[in-house]
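Participant: Next up is a structure, given as structure tokens.
Read-outs: derived from the displayed coordinates by stated rules, not from any lab. Note that the coordinates shown come from a computational prediction; the quantities given were computed from them, not determined experimentally. Heads up, the Cβs are rebuilt from the backbone with ideal geometry, glycines too, and the neighbour counts pull from every protein chain shown.
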Amino acid sequence: MDFDDISELAKAVSIDIMRQTFIDKKKFPINKEVVLDIYKLPDSDAGDMAKEDPEEFTRLVNSWLATKLNYLYSEGFLEKKRGYYRMYTTEEIKDHVKAIEDAE
């Protein structure tokens with residue numbers, strides 16, 4: 001996949017990190033900076049772009065993660081529990097929607 005700038009690459013990497021963390025651990029730590037090993041990125045234009053300024057790339061990844069997690073939380077897809085975000089299941093979301101509909 002081609003990326004036009006480092007921000008697009010950071011956004012894609014942050015989404016991959018979040019997706020994989022929720023799949024593996026079913027939760028994501030609140031306000032924890034992700035530490036990246038930039039040099040594990042492939043030798044490609046995208047990998048080279050991140051390696052040019054590893055600190056900025058890591059900052060952008062963490063910024064995108066925080067933005068996306070805050071959005072998902074504010075939209076009701078996540079709950080905060082014991083220092084982690086937990087993603088609601090499809091059934092839990094359906095139950096929440098039904099409770100809202102029943103309240104009307």
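Participant: Among the residues of segment 80-91, how many are surrounded by 13 or more Cβ atoms within 10 Å (Cβ to Cβ) and of a type in the set (D, E, K, R)?
Facilitator: Total satisfying the criteria: 1.
Participant: Could you grab me the full set of residues in segment 16-35 that are assigned to a helix (DSSP H, G or I) and without any contact (Cβ under 8 Å) to a residue 12 or more places away in the chain?
Facilitator: Within segment 16-35, Asp16, Arg19, Gln20, Thr21, Ile23, Asp24, Lys25 qualify.
Participant: If you check every pair at least six apart or on different chains, which have Cβ atoms under 6 Å apart with a residue in segment 48-60 that is on the phi < 0 side of the Ramachandran plot first and a residue that is of a type outside the set (A, V, I, L, M, F, W, C) and surrounded by 13 or more Cβ atoms within 10 Å (Cβ to Cβ) second?
Facilitator: From segment 48-60, the pairs are Leu60/Ser7.
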